Amino acid sequence: MDKNDIANIRKQFKVDNDLLTIHDIFNVYIMKESSDIYHHQSMPFEMLEQEQQELFMENFKKVLSGQLDEKLFELKFQRDVENNSQLILHQGLLSNDTEEWKGQMLQLVEKMLKDKQYEMDIVVTFIRGEYMKPMKNMSEESEESERDTVYSHPFILCSMNKTQDPKKELLFDYVEKEFKYNIVVDPIINLKAPISGFLFPSITDNAADVNHVLYAAGKKNEPSYHFIEDVLNAEEIMTAAQDKLVFEEIVKNVAGDQAINTETLSNVYEGINQVVEENEEEERPTLDAGDVEHLLTGSGLENVNAEKVSSAFKTVIDDETYEFKANNIVPKYDSKSIKIETKIANIKISPQDLRHVRQVHFGGKRYLMMEVEENTVIEGFEMIPEALVQKAPEDEE
């Protein structure tokens, strides 16, 4: 799935939408002390009160929120796994019997509980429904409505949510004219911040892809590997942050003892950004070892060759065929996204302006020097330019 596919289905989660039908909702309450199922309940989604439907719709939208490789990850199912979740989900998708579907979803819950202790009570919610996407008309003259022909996408969505203790509050009773302590023992289900979830099947180019599932992490760049590998039985992934870190380590490995100045670094990021711009039609452009060699050579790094780059891939990631997703490693060129960190101050600068920054030695000290076109203004005060003059040896005595 690409970001457009995700956005298209996400925006359908609203009450009274004729392009989205949710057939059943199944809630499972899990106790933290025992990691046991305390209670589960299933009903047609339309039987919920409208306020409840709206709460759940917002929750489902949050499951599908976030950037790819940061909070959302398209996972490929592992092959030859016993009690494979792909088969369980596929059977659940095709089942017309609610009790059968509930049994299949409970199999997934058992996987969630195996060898896992949660820090709070958990509510797992499953829905199954159908999302319809209108086909575009061939011409404006066509009398056929765009909704007369649609792509139909049956799906299962899962949302995991933690519970929290109710607030202790002091109330004033107007009738009895007295202060009362509000005693509430029922836990609150936090639907505003799901801690995990998934959408099955993946949807690519308006076609269902049952070999992939869209997994949602609770926090950015913090996927649950237990959920990915043991619950969904999917293959390992790299987050955007890990992708960027590995790329940086490979560049350092290739550079060796060479110092990488800001101009070289700016050229590297400019080269990656060019790859992204030249492949706008391709959603996820990648960089292999050959691309990295070409990129570093063109950026001004010396003594770069295929053997060095291949060796760096082998050393850092142990995979000479690995491909980086260009979007994961290039800073955003339309924002101040590169951090320059020092003990004195942290500065953010746009990638294309990095070439105007230098670290210099002067008078036995290190300085960060930045080329600017106008006088600098600090809190409304314009700084006076100062001449940078090296003292003569006799002046220093």
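The values are calculated or read from the model by the stated rules, or taken from the named source; none is laboratory data. It should be emphasised that the depicted structure is a prediction, and the values quoted were computed from it without experimental measurement. Note that each Cβ is placed from the backbone with ideal geometry, even for glycine, and that neighbours are counted across all protein chains shown. Heads up: the accessible areas ignore ligands, DNA and RNA and are worked out on the full protein's heavy atoms, side chains in. Shrake-Rupley method; radii C 1.70, N 1.55, O 1.52, S 1.80 Å.
L87 meets each of the listed conditions (1) touching a Leu at 6+ places or on another chain (Cβ under 9 Å); (2) at pLDDT 95 or above; (3) open to solvent by 70 Å² or more (accessible area, probe 1.4 Å) apart from (1). In the set (1) open to solvent by less than 50 Å² (accessible area, probe 1.4 Å); (2) more than 17 Å from P331 (Cβ to Cβ), T297 fails one condition alone, (1).
Please indicate, with yes or no, whether at least one residue in the stretch 306-317 is open to solvent by 30 Å² or more (accessible area, probe 1.4 Å) and part of a loop (DSSP other than H, G, I, E, B). No, the stretch 306-317 contains no residue that is open to solvent by 30 Å² or more (accessible area, probe 1.4 Å) and part of a loop (DSSP other than H, G, I, E, B).
In the stretch 110-119, the residue that is modelled with the highest pLDDT out of those that are surrounded by fewer than 14 Cβ atoms within 10 Å (Cβ to Cβ) and assigned to a loop (DSSP other than H, G, I, E, B) is K114. Count of the stretch 181-193 residues, restricted to those that are surrounded by 10 or more Cβ atoms within 10 Å (Cβ to Cβ), assigned to a strand (DSSP E or B) and at pLDDT below 80, is 1.
Among residues of the stretch 158-170 that are basic (K, R), those with a beta-carbon under 9 Å from a residue that is assigned to a strand (DSSP E or B) at least six positions away or on a different chain give the pairs K162/I122; K162/V123; K162/I189; K167/N182; K167/I188; K168/Y181; K168/N182.
Of the residues making up the stretch 359-397, just one is at pLDDT below 75 and of a type in the set (S, T, N, Q), namely Q390. With the requirement that a residue be in contact with a Ser or Thr (Cβ under 9 Å, 6 or more places away or on another chain) and of a type in the set (S, T, N, Q), what does the stretch 85-132 give you? Passing the criteria: T98, Q104, Q107, Q117, T125.
Does the stretch 345-387 hold any residues that are outside any strand (DSSP E or B) and under 18 Å from Y269 (Cα atoms), and which are they?
Keep residues of the stretch 345-387 that are outside any strand (DSSP E or B), which gives 345, 350-356, 363-364, 371-376, 379-380, 383-387.
Result: S350, P351, Q352, D353, L354, R355, H356.
In the stretch 320-329 there is no residue that is closer than 30 Å to M369 by Cβ, at pLDDT below 90, touching a helix residue (DSSP H, G or I) at 6+ places or on another chain (Cβ under 9 Å) and open to solvent by 60 Å² or more (accessible area, probe 1.4 Å). Exactly one residue out of E70, E58 is touching a residue at least 60 places away in the same chain (Cβ under 8 Å), farther than 28 Å from E99 by Cβ, of a type outside the set (V, I, T) and not in a loop (DSSP other than H, G, I, E, B), and it is E58. For the stretch 273-300, filtered to residues that are among the β-branched types (V, I, T) and in contact with a strand residue (DSSP E or B) (Cβ under 7 Å, 6 or more places away or on another chain), the residue that is modelled with the lowest pLDDT is V275. Can we say E307 is in contact with a Pro (Cβ under 8 Å, 6 or more places away or on another chain) and of a type in the set (D, E)? No, not satisfied. Residues of the stretch 86-104 that are without any contact (Cβ under 8 Å) to a residue 12 or more places away in the chain and part of a helix (DSSP H, G or I): L87, L94, E99, E100, G103.
Counting only residues that are under 19 Å from I237 (Cα atoms) and among the aliphatic types (A, V, I, L, M), how many does the stretch 75-97 have?
Step one: filter the stretch 75-97 for residues under 19 Å from I237 (Cα atoms), giving 75-81, 84-86.
Within this subset, residues satisfying the condition of being among the aliphatic types (A, V, I, L, M) are 75, 81.
Total satisfying the criteria: 2.
If only one of Q107, Q41 is part of a helix (DSSP H, G or I) and free of Cβ contacts under 8 Å to residues at least 60 places away in the same chain, which one is it?
Details: Q41 fails: part of a helix (DSSP H, G or I).
Within the list Q107, Q41, the selection yields Q107.
Scan the stretch 16-29 and give yes if some residue there is touching a helix residue (DSSP H, G or I) at 6+ places or on another chain (Cβ under 8 Å), of a type in the set (D, E, K, R) and more than 16 Å from V109 (Cα to Cα), otherwise no. Yes: the stretch 16-29 contains one or more residues that are touching a helix residue (DSSP H, G or I) at 6+ places or on another chain (Cβ under 8 Å), of a type in the set (D, E, K, R) and more than 16 Å from V109 (Cα to Cα).
Looking across the stretch 19-38, the residues that are touching a residue at least 60 places away in the same chain (Cβ under 8 Å) and in a loop (DSSP other than H, G, I, E, B) come down to L19, M31, K32, S35, D36. Do we find that I9 is within 23 Å of Q104 (Cα to Cα), surrounded by 13 or more Cβ atoms within 10 Å (Cβ to Cβ) and under 27 Å from the mean Cα position of the chain (by Cα) in this structure? Judged against the criteria, I9 is not a match.
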